[in-house]
Amino acid sequence: MASDLTDLPENPPVGIFDAPFDSALSERYLVYALSTITARSLPDVRDGLKPVHRRLLWAMRLLRLDPAAGYKKCARVVGDVIGKYHPHGDQSVYDAMVRLAQDFALRYPLVDGQGNFGNIDGDNAAAYRYTEARLTQVAIDLMDGLDEDATEFRPTYNGEEQEPELFPGAFPNLLANGASGIAVGMATSIPPHNAAELLDAAIALIDDRGVDPLTFVRGPDFPTGGLVVDPPAVLREAYNTGRGGFRVRARWTIEREKGGAWQIVVTEIPYGVPKGKLIEQIAGLINDRKLPILADIRDESDAEIRVVLEPRSRTVDPQVLMDGLFRLSDLETRVPLNLNVLDKDRTPRVMSLRDALAAWVDHQFVVLRRRTEHRLGKIADRLELLGGYIIAFLNLDRVIEIIRTEDEPKAVMMDEFQLTDRQAEAILNMRLRSLRKLEEMELRRERDALEKEQATLTALLASDAKQRTRLKRDFTRIRDRYGAETALGRRRTTIEEQAAARDIPLEAMIDREPITVILSERGWFRAMKGHVDLSAPETLKFKEGDGPGFAFHAHTTDKLLLAAANGRFYTLAADKLPGGRGFGEPVRASIDLEGSVGIVALLRAAAAAKLLVAASDGRGFIVAASEVIAETRKGKNVMTPKPGARLTVVRPVAPGDDYVAVIGDNRKLAIFPLVELPEMTRGQGVQLQRYREGGLSDARTIVFAEGLSWTMGGDSGRTRTESDLTAWRTARGAAGRMPPTGFPRDNRF
């Protein structure tokens, strides 16, 4: 397909030609795709630039916008670029220039802007007629060598000018500043890194191509700071394959205030996240109550970022709050790595970190040799002229005579003194004031110095070892300019492994406050603020004909388990209970429970890890409390009693309990080991006690060695304990025997 394009005549005929549509379309699309890939979207591995960036910097260099020079209007630069080198839209060229000047977008800015070049909030730059710019020292280092034939030049699009194909400077721009772009069928995304670390790795690669760059390169170094929280294995995999990504989090601290209050201050945000949109995003979470434990967000930023997060109360766990924000907002983002670049043959491919650094080092070797050869050529030219000057001084009188008497002095001098054309021309162009003895001494001194330099450079070209030494020296010089001790070179991003943001537990989303839960006999429930005295008569007020059912202390963060006689368990959120004023509301309005089904138990889900459940026919089992929590109004079917039976007992199993005590309506007591009772998630269970008539009255777990205790009747409040339970110890499913003397007549433990 490509050969068809190259075989086209130089001046093809004009007209309409018949051709298969698919082949014509594919040929033209291929040309477009290759142009997009190689001349627009992918950076070159050798200088890390796309054509538009390279042309911008080249135009600014020709305008002499050095760091020590004054600023010039960006409109002047953009005009030169689109008029001479890059025939595209002025806005796209200016946008590229703006990014090169933004210190929050580029780790090492290449353009020094004056005026409004946008900000980290996401605001756009001012129009190019209002802004001014010049080059930075980084750009000068990147272009170092352009005057020394260090790289090839090519004609511009109209053939009127010349532009460099690449930049030769010893600054690792590709990895230091990163790049991003979307081509046809491929893309690139390279985060910025620390230049000093890259140069340390490059120095090591000069002598040993098998060295691991990650010994020196710790990870990305974003201009906006933050933390990279991935484990080392993830970083290594990404850099070794050239594909992957990095989890980047904001940097935050806790500021304590008087009275125990506190607030979180975010000082660095993830790379590429506009601060204004981030604040809007978090404010939306507050308004939508997706993160109830966060009360407010304030932007107190000036030149430095300062975003203040105010919790709902001082009891909120700061780490839980930040985990919620990491999951729900851009305070944690994933920065992709796709090291897809153009190699030295202009072929796109994905490289590892070692491959990219090695390709850049190889390019620097080429640059070093080209610059050396260029300098040797300059020295040879100068030595040629110096040789002619010295001959002229040694034969000054004869030279003057020839010039005064001969019609063609140039030819005569060339013939008499064996001069070259350039030497003779240079002698004829000498100024009279150069004809002094001091000048001859200076010429000889200059010739000796140049011959010495020539010998040194010739030896450099002939020795790979000398080239490696020279390149390491050059890299070290650049590295010192961007070292960790400098303001620009100091690492900004911390590499620190951290666990993934946790799911926010329900209790963390609610302010923890004490409440008293009350459920009446007829199913009316309410929650009173605080832990009130349950023995006070004014606490337990009910409607006429109603009475007490269940009452206990809890917290708003608790989940409550309600067990119905049909064996279903329901879950209630303590913070959603109706207030303590009046008589409350019917519990059946919150769950799908028929009015004819009685309520057996109401307890805190965290009261015990396991529960003993038993039906009226004497069957039961142990169930984990976590297994009975229901997520819907319909509840969860746990106990499935036989026809005619119903769930009657739901009791927490206390830690250390080792026996089960069961008593029936026939007033028979049986005690058997807890290990004989299976743990299930649902079902009918096994037989706890055998009855000839009646059924199960009550059951509970006990510590056998501590005996069995019960409260005596009347107002005395005395408790009686039967310490020796051997007489009632039996196997599970036995009938049992009469309880100890004084056991309550209602057959309840």
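Can you tell me which residues in the range 145-159 are touching a residue at least 60 places away in the same chain (Cβ under 8 Å), on the phi < 0 side of the Ramachandran plot and either assigned to a helix (DSSP H, G or I) or charged (D, E, K, R) (or both)? Correct list: L146, E148. Summed over the range 326-370, the residues that are closer than 18 Å to L175 by Cα, in contact with a Gly (Cβ under 9 Å, 6 or more places away or on another chain) and among the β-branched types (V, I, T) give a count of 3.
Given the residues L337, L285, L325, which is the only one that is over 29 Å from D221 (Cα atoms) and either modelled with pLDDT under 95 or not in a helix (DSSP H, G or I) (or both)?
On the way: L337 fails: over 29 Å from D221 (Cα atoms); L325 fails: over 29 Å from D221 (Cα atoms).
Matching residue, one of L337, L285, L325: L285.
Among the residues making up the range 234-261, a single one is polar (S, T, N, Q) and not in a helix (DSSP H, G or I): T253. If N666 passes every condition in (1) without any contact (Cβ under 8 Å) to a residue 40 or more places away in the chain; (2) within 23 Å of G694 (Cβ to Cβ); (3) surrounded by fewer than 16 Cβ atoms within 10 Å (Cβ to Cβ) but one, which one does it miss? All conditions are met except number (3).
Looking across the range 300-319, the residues that are outside any helix (DSSP H, G or I) and closer than 28 Å to F104 by Cα come down to E300, S301, D302, A303, E304, I305, R306, V307, V308, L309, E310. In the range 470-484 there is at least one residue that is in contact with a Gly (Cβ under 9 Å, 6 or more places away or on another chain), hydrophobic (A, V, I, L, M, F, W, C) and crowded, with 16+ Cβ neighbours inside 10 Å.
Within the range 507-523, can one find any residue that is in contact (Cβ under 8 Å) with a residue 12 or more places away in the chain, surrounded by 15 or more Cβ atoms within 10 Å (Cβ to Cβ), in a loop (DSSP other than H, G, I, E, B) and of a type in the set (S, T, Y)? Within the range 507-523 (the criterion being in contact (Cβ under 8 Å) with a residue 12 or more places away in the chain, surrounded by 15 or more Cβ atoms within 10 Å (Cβ to Cβ), in a loop (DSSP other than H, G, I, E, B) and of a type in the set (S, T, Y)), the answer is no, since none of the residues qualifies.
Each row is one residue, and each column tells you yes or no for (1) in contact with a helix residue (DSSP H, G or I) (Cβ under 6 Å, 6 or more places away or on another chain); (2) farther than 30 Å from S352 by Cβ.
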| site | (1), (2) |
| --- | --- |
| I120 | yes, yes |
| R134 | no, yes |
| E148 | yes, yes |
| P168 | yes, no |
| A183 | yes, no |
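Being in contact with a helix residue (DSSP H, G or I) (Cβ under 9 Å, 6 or more places away or on another chain) and among the aromatic types (F, W, Y) is not true of Y29.
Take A24 and decide whether it is modelled with pLDDT under 95 and more than 21 Å from T156 (Cβ to Cβ).
Values: modelled with pLDDT under 95: yes; more than 21 Å from T156 (Cβ to Cβ): yes.
Against the criterion (modelled with pLDDT under 95 and more than 21 Å from T156 (Cβ to Cβ)), A24 qualifies.
Here's the yes/no breakdown for (1) over 21 Å from A500 (Cα atoms); (2) within 24 Å of the chain's Cα centre (by Cα); (3) in the same structural domain as I264 (by TED's automatic domain parsing):
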residue: N287; (1), (2), (3): yes, no, yes
residue: L294; (1), (2), (3): no, yes, yes
residue: A303; (1), (2), (3): yes, yes, yes
residue: Q319; (1), (2), (3): no, yes, yes
residue: M322; (1), (2), (3): no, yes, yes
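The set of residues from the range 201-212 being at pLDDT 95 or above and within 25 Å of the chain's Cα centre (by Cα) comprises just one member, A201. Out of the residues in the range 234-269 that are exposed (fewer than 14 other Cβ atoms within 10 Å of the Cβ) and of a type in the set (G, A, S), which is farthest from E497 (Cα to Cα)? Residue satisfying both the conditions and the ranking: G259.
Return the residues of the range 134-179 that are among the hydrophobic types (A, V, I, L, M, F, W, C), within 36 Å of the chain's Cα centre (by Cα) and closer than 13 Å to W58 by Cα; say none if nothing qualifies.
L135, A139, I140, L142, M143, L166, F167
Buried (at least 20 other Cβ atoms within 10 Å of the Cβ), touching an Asp or Glu at 6+ places or on another chain (Cβ under 8 Å), of a type outside the set (D, E) and in a loop (DSSP other than H, G, I, E, B), is that true of I297? Let's see the steps before the verdict.
Details: buried (at least 20 other Cβ atoms within 10 Å of the Cβ): yes; touching an Asp or Glu at 6+ places or on another chain (Cβ under 8 Å): yes; of a type outside the set (D, E): yes; in a loop (DSSP other than H, G, I, E, B): no.
Against the criterion (buried (at least 20 other Cβ atoms within 10 Å of the Cβ), touching an Asp or Glu at 6+ places or on another chain (Cβ under 8 Å), of a type outside the set (D, E) and in a loop (DSSP other than H, G, I, E, B)), I297 does not qualify.
Annotation: S41 fulfils all but one of (1) farther than 30 Å from V307 by Cβ; (2) surrounded by fewer than 17 Cβ atoms within 10 Å (Cβ to Cβ); the unmet one is (2). Any residue at all in the range 592-603 that's closer than 30 Å to I671 by Cβ, buried (at least 20 other Cβ atoms within 10 Å of the Cβ), among the β-branched types (V, I, T) and within 39 Å of the chain's Cα centre (by Cα)? No, because not a single residue in the range 592-603 is closer than 30 Å to I671 by Cβ, buried (at least 20 other Cβ atoms within 10 Å of the Cβ), among the β-branched types (V, I, T) and within 39 Å of the chain's Cα centre (by Cα).
Figure legend. Inter-residue proximity from the range 447-474: first residues within 22 Å of A358 (Cβ to Cβ), second residues of a type outside the set (V, I, T) and not in a helix (DSSP H, G or I), beta-carbon distance below 7 Å, spacing 6+ or different chains. Indicated pairs: D474/A170.
Among helices (runs of 4 or more DSSP H) lying entirely in the range 363-430, which contain 3 or more residues that are surrounded by fewer than 17 Cβ atoms within 10 Å (Cβ to Cβ) and either of a type in the set (G, A, S) or touching a strand residue (DSSP E or B) at 6+ places or on another chain (Cβ under 7 Å) (or both)? Full working, then the answer.
Numbers: elements: 396-405, 409-417, 421-428.
By residue number, no helices (runs of 4 or more DSSP H) qualify.
Could you grab me the full set of residues in the range 340-352 that are outside any strand (DSSP E or B) and in contact with a strand residue (DSSP E or B) (Cβ under 9 Å, 6 or more places away or on another chain)?
Within the range 340-352, the first condition is being outside any strand (DSSP E or B), and the residues that meet it are 343-347, 351-352.
Within the range 340-352, D343, K344, R346, M351 qualify.
The selection criterion, being crowded, with 17+ Cβ neighbours inside 10 Å, polar (S, T, N, Q) and at negative phi, does not hold for Q162.
Scan the strands (runs of 3 or more DSSP E) fully inside the range 531-637 and keep the ones with 1 or more residues being among the aliphatic types (A, V, I, L, M) and either in contact with a helix residue (DSSP H, G or I) (Cβ under 7 Å, 6 or more places away or on another chain) or closer than 14 Å to V517 by Cβ (or both). Lay out the reasoning, then the answer.
Details: elements: 548-555, 559-564, 568-573, 599-604, 610-615, 619-624.
The strands (runs of 3 or more DSSP E) meeting that bar are 548-555, 559-564, 568-573, 599-604, 610-615.
When I264 is tested against (1) within 17 Å of L328 (Cα to Cα); (2) part of a helix (DSSP H, G or I); (3) in contact with a helix residue (DSSP H, G or I) (Cβ under 7 Å, 6 or more places away or on another chain), exactly one condition is not met: (2).
Answer yes or no as to whether E442 is in a helix (DSSP H, G or I) and either touching a Lys or Arg at 6+ places or on another chain (Cβ under 9 Å) or in the same structural domain as G324 (by TED's automatic domain parsing) (or both). Against the criterion (in a helix (DSSP H, G or I) and either touching a Lys or Arg at 6+ places or on another chain (Cβ under 9 Å) or in the same structural domain as G324 (by TED's automatic domain parsing) (or both)), E442 does not qualify. Has the range 134-144 got any residue that is of a type in the set (A, V, I, L, M, F, W, C), surrounded by fewer than 15 Cβ atoms within 10 Å (Cβ to Cβ) and either assigned to a helix (DSSP H, G or I) or on the phi < 0 side of the Ramachandran plot (or both)? So far as the range 134-144 goes, no, none of its residues is of a type in the set (A, V, I, L, M, F, W, C), surrounded by fewer than 15 Cβ atoms within 10 Å (Cβ to Cβ) and either assigned to a helix (DSSP H, G or I) or on the phi < 0 side of the Ramachandran plot (or both).
Would you list the helices (runs of 4 or more DSSP H) that sit entirely within the range 47-118 and hold 3 or more residues that are closer than 28 Å to V361 by Cα and within 28 Å of the chain's Cα centre (by Cα)?
On the way: elements: 51-62, 74-80, 90-101.
Counting at least 3 such residues, we get 90-101.
Pick from the range 185-233 the residues that are small (G, A, S) and closer than 19 Å to A359 by Cβ: which of them is surrounded by the most Cβ atoms within 10 Å (Cβ to Cβ)? Spell out the reasoning first.
We begin by selecting, within the range 185-233, every residue small (G, A, S); these are 185, 187, 189, 195-196, 201-202, 204, 210, 219, 225-226, 233.
Filter again for closer than 19 Å to A359 by Cβ, leaving 189, 195, 201-202, 204, 210.
Details: S189: 17, A195: 26, A201: 24, A202: 24, A204: 19, G210: 7.
My answer is A195.
The values are calculated or read from the model by the stated rules, or taken from the named source; none is laboratory data. All of these numbers come straight from a predicted model, not from anything done at the bench. FYI the Cβ positions are ideal-geometry reconstructions off the backbone, even for glycines, and counts take in every protein chain you see.
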